[in-house]
Each structure stands twice: as C-alpha cells, then as structure tokens.
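One structure is given here, and the rest of the page talks about it.
The values are calculated or read from the model by the stated rules, or taken from the named source; none is laboratory data. None of the values given here were measured: they were computed from a predicted structure. Counting neighbours? That spans all protein chains shown, and the Cβs are built from the backbone with ideal geometry, glycine included.
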Amino acid sequence: MKALFPPGHCRTPFYIRGKRGRILDLVDVEPDPEERAYGRSGLPAVPVWRVVFDQHELWPDYRGPDRDRVVVGIFEPWLEPLEDGG
Amino acid sequence: MSHDHEPDHDHGHLGHGHDHESHGHPPGQRHPFQPDLEDGPYSWHMALTDAVADLLLAKGLITADELRRTLEDIDSKSPALGARLVARAWVDPAFKARLLADVNAAAAELGIDAGPIPIRAVECKPGEHHVIVCTLCSCYPRLLLGPAPDWYKARAYRSRVVREPRAVLAEFGLELDPEVAVIVHDSTAELRFMVLPERPAGTEGWDEERLAALVTRDCLIGVARPTVPPA
C-alpha cells in the first residue's frame, strides 16, 4: 500500500497505508470516489481489489494468532508492488 | 431501557403501581413530556434532504407515493431475509455455491430484492470465523438486512474490531479458540458483506424454517454464532 495522505475524500483507511498485503481477488471496476467526491465522473473507472493484511503486519503489538487478518477493498491507484517482488 | 422513553407513559400515574419518590420529579408535578422527533436541532443535512425531496416532487421526477413506498420498502427489510438465505444454503449445497458467488442473484431466486449494491457472503468454516465492519462510515447490507444496529455505526466498534477483534467478540459473548482464525472484512468500497455462519451441530433433519430461526442479525454480522436452544 502506498503511504500517501492526500487531502480530500478517499476510501482508504489510515491503518493500512504503507502496509504490506496480498491480493485476494478482483471485486469490480468502479468510478474513482476521489474524483466523484468533487462532482466529477470518476471515469475511467479503476479496478478495486480485495487485499488481505495480516493483523501482525498492521499492529506490531497485536496479541492474537498469526492467521488473524483483515480484508479491505482497495482502489488500484493505492497499490504498489513490493520491492522484493512478492 | 429507561421507562422514561416509553411513548405511552405520559398518561398519568394511576394504576402504574410505582412510588413517586423514586420517579425523578416531585409529587404533584407534571411528568415531563417525551421529546418529539422535531424537538432536536434541524441540521444542515436534514435541511438538504428535505430540499432535495421537495425539488424532486416539485419537478415531477418522483411522486409522494413513490417516495413513501420506497421508504416503506427499505423499512421492510430485516435480518429474517438473510436468515432465509443462510438456511437454504445449509440444506442445498448448489444454492450455497450460488450464494457465495452472488448474494443478490441468489436472493432473487427466493423472491428477495437485495437491491442494486453487490453483496458478498463470507463463509465461516471450522478454523475460520468472519466478522464485518465499515471503519470509514457505516456501510451495511441494509437493502437485505434492514438498518444496521446502532453499535455497528459507533466509533467504538468500528475502530476496535479491526484492532482487537477477539476482545470485541468476547464482549459480545463470543470467545474463539486460538486455532480459529478471525477474519475481519472492512467494507470500504462498493461491496457489502454478510456472514454465512456454520450450521450448528444438533440440527440434522431440521427444515429451513426451523433453521432460519437460529440465524439472528448478529450472526449475519459475525459477532455471534447460531446456537441451538437447550431442549
């Protein structure tokens, strides 16, 4: 996930910014809410992916099993490949 | 719930059988009225809603009856509709596969209009428990399950269930073994979720109606599991 903090409306919660996740599946292609928030069309539509984050990645002090995780719908412009190619 | 909020309470105290000293206002003094809906502040968003509705009506784009009918339809949705889907999925594996692929289409098979927003079912399995939230606002499959409970929209639930889900579930009375992974679904995009819980043991041979009665709203959110009441 990109660690961006743009002004204005977006659908990316703060707690996953800059974190590493895995793609689960493609949800759909949807108009970009960051454009629609200002009365624009949001087109061309952008892919939305469901991304899985391990709780221990999100919260270093997480007390719980390694398999606990969070699944979040992410608009593709917020994704960037991992440096190690993972 | 305090009795002060019961709408029928302002009809005098005769026959209520409780003593006035503990009642919060002096004897002989009139019971305070319950506030009417209109007694709260008229907010900017309320004014905007009224203005848009008035314009749509004035321009003839919708009729008052269509507006009323839509509100009635929204209010008629309830967790019982989700429970019917779950019960059918428990008895019919082919239906379950279709439900997991497309909740809205599967609902239509049972004559249920789940609305235009796509809903995804997340399946609890042995070793895997699912729970839903919207950390950004309060997204909820309301066109299938009806309005969300107040706690679902509260900041406490929304912020804590992604941070310490096991503690939150324990507060709801759901203690999960460490072998069971907790998977939280955050509804951030144009997708809503419902939980497909596991069918409880001891329900072999039950018909759909009996099964559906086990599936409550909280089971469909994932803060509870269906349980068979003791015989």
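Scanning the stretch A:13-39 for residues that are among the aromatic types (Phe, Trp, Tyr) and within 16 Å of residue A:1 (Cα to Cα), which turns out farthest from the other protein chains (Cβ to nearest Cβ)? Reasoning before the result, please.
We begin by selecting, within the stretch A:13-39, every residue among the aromatic types (Phe, Trp, Tyr); these are A:14-15, A:38.
Now drop any that are not within 16 Å of residue A:1 (Cα to Cα), which leaves A:14-15.
Details: A:14: 9, A:15: 7 Å.
Checked the stretch A:13-39; the qualifying residue farthest from the other protein chains (Cβ to nearest Cβ) is A:14.
Would you confirm, using the coordinates I've provided, whether residue B:158 is among the charged types (D, E, K, R) and more than 18 Å from residue B:96 (Cα to Cα)? Quick ask: steps written out before the conclusion?
On the way: among the charged types (D, E, K, R): yes; more than 18 Å from residue B:96 (Cα to Cα): yes.
For residue B:158, the condition - among the charged types (D, E, K, R) and more than 18 Å from residue B:96 (Cα to Cα) - is met.
Can you confirm whether residue B:199 is within 14 Å of chain A (Cβ to nearest Cβ), basic (Lys, Arg) and not in a strand (DSSP E or B)?
Working: within 14 Å of chain A (Cβ to nearest Cβ): no; basic (Lys, Arg): yes; not in a strand (DSSP E or B): yes.
Judged against the criteria, residue B:199 is not a match.
Can you report the number of residues in the stretch A:33-56 which are at pLDDT below 85 and either among the polar types (S, T, N, Q) or in a loop (DSSP other than H, G, I, E, B) (or both)?
The initial filter retains those residues of the stretch A:33-56 that are at pLDDT below 85, namely A:33-42.
This time we only want the ones that are either among the polar types (S, T, N, Q) or in a loop (DSSP other than H, G, I, E, B) (or both), so: A:37-42.
Adding up the residues that qualify gives 6.
Find the residue count for the stretch B:187-215, including only residues that are small (Gly, Ala, Ser), surrounded by 19 or more Cβ atoms within 10 Å (Cβ to Cβ) and more than 30 Å from residue A:32 (Cα to Cα).
Taking the stretch B:187-215 first, the residues small (Gly, Ala, Ser) are B:187, B:189, B:201-202, B:205, B:212-213.
So of that shortlist, the ones also surrounded by 19 or more Cβ atoms within 10 Å (Cβ to Cβ) come out as B:187, B:189, B:212.
From what's left, more than 30 Å from residue A:32 (Cα to Cα): B:212.
Residues that pass the stated criteria total 1.
Closer than 28 Å to residue A:33 by Cα, of a type in the set (A, V, I, L, M, F, W, C) and surrounded by fewer than 21 Cβ atoms within 10 Å (Cβ to Cβ), is that true of residue B:151? Explain how you work it out, then say what you get.
Values: closer than 28 Å to residue A:33 by Cα: yes; of a type in the set (A, V, I, L, M, F, W, C): yes; surrounded by fewer than 21 Cβ atoms within 10 Å (Cβ to Cβ): yes.
Spelling it out, residue B:151 is indeed closer than 28 Å to residue A:33 by Cα, of a type in the set (A, V, I, L, M, F, W, C) and surrounded by fewer than 21 Cβ atoms within 10 Å (Cβ to Cβ).
Those residues that are away from chain A (no Cβ under 12 Å), in a loop (DSSP other than H, G, I, E, B) and surrounded by 13 or more Cβ atoms within 10 Å (Cβ to Cβ), I need them from the stretch B:155-184; list them, please. If you could, list the steps in order and put the result at the bottom.
The initial filter retains those residues of the stretch B:155-184 that are away from chain A (no Cβ under 12 Å), namely B:155-157, B:171-175.
Retained after the next criterion (residues that are in a loop (DSSP other than H, G, I, E, B)): B:172-175.
Scanning the stretch B:155-184 gives B:172, B:174.
Within the stretch A:40-50, is there a residue that is among the polar types (S, T, N, Q), buried (at least 17 other Cβ atoms within 10 Å of the Cβ) and either within 10 Å of chain B (Cβ to nearest Cβ) or on the phi < 0 side of the Ramachandran plot (or both)?
Taking the stretch A:40-50 as the starting set, the residues that turn out to be among the polar types (S, T, N, Q) are A:41.
Restricting the remaining residues to those that are buried (at least 17 other Cβ atoms within 10 Å of the Cβ) gives none.
Taking every residue of the stretch A:40-50 in turn, none turns out to be among the polar types (S, T, N, Q), buried (at least 17 other Cβ atoms within 10 Å of the Cβ) and either within 10 Å of chain B (Cβ to nearest Cβ) or on the phi < 0 side of the Ramachandran plot (or both).
Just one of B:167, B:181, B:156 is out of contact with any strand residue (DSSP E or B) (no Cβ under 9 Å at 6 or more places or on another chain) and closer than 22 Å to residue A:56 by Cβ; which is it?
On the way: B:181 fails: out of contact with any strand residue (DSSP E or B) (no Cβ under 9 Å at 6 or more places or on another chain); B:156 fails: closer than 22 Å to residue A:56 by Cβ.
Of B:167, B:181, B:156, the one residue that is out of contact with any strand residue (DSSP E or B) (no Cβ under 9 Å at 6 or more places or on another chain) and closer than 22 Å to residue A:56 by Cβ is B:167.
State all residues of the stretch A:51-65 that are more than 9 Å from chain B (Cβ to nearest Cβ) and over 10 Å from the mean Cα position of the chain (by Cα); if no residue qualifies, say none. Break it down stepwise before answering.
Going through the stretch A:51-65, the residues more than 9 Å from chain B (Cβ to nearest Cβ) turn out to be A:51, A:53-54, A:56-57, A:60-61.
If the condition is that a residue be more than 9 Å from chain B (Cβ to nearest Cβ) and over 10 Å from the mean Cα position of the chain (by Cα), then A:54, A:56, A:57, A:60, A:61 are the ones that fit.
Can you find, within the stretch A:61-85, the residue that is surrounded by the most Cβ atoms within 10 Å (Cβ to Cβ) among those that are without any contact (Cβ under 8 Å) to a residue 24 or more places away in the chain and under 13 Å from residue A:20 (Cβ atoms)?
For the stretch A:61-85, the residue satisfying everything is A:69.
Can you tell me which condition residue B:208 does not meet? The list is (1) within 14 Å of another protein chain (Cβ to nearest Cβ); (2) in contact (Cβ under 8 Å) with a residue 24 or more places away in the chain; (3) more than 18 Å from the chain's Cα centre (by Cα), and all the others hold.
If we test residue B:208 against (1) within 14 Å of another protein chain (Cβ to nearest Cβ); (2) in contact (Cβ under 8 Å) with a residue 24 or more places away in the chain; (3) more than 18 Å from the chain's Cα centre (by Cα), just (1) comes out false.
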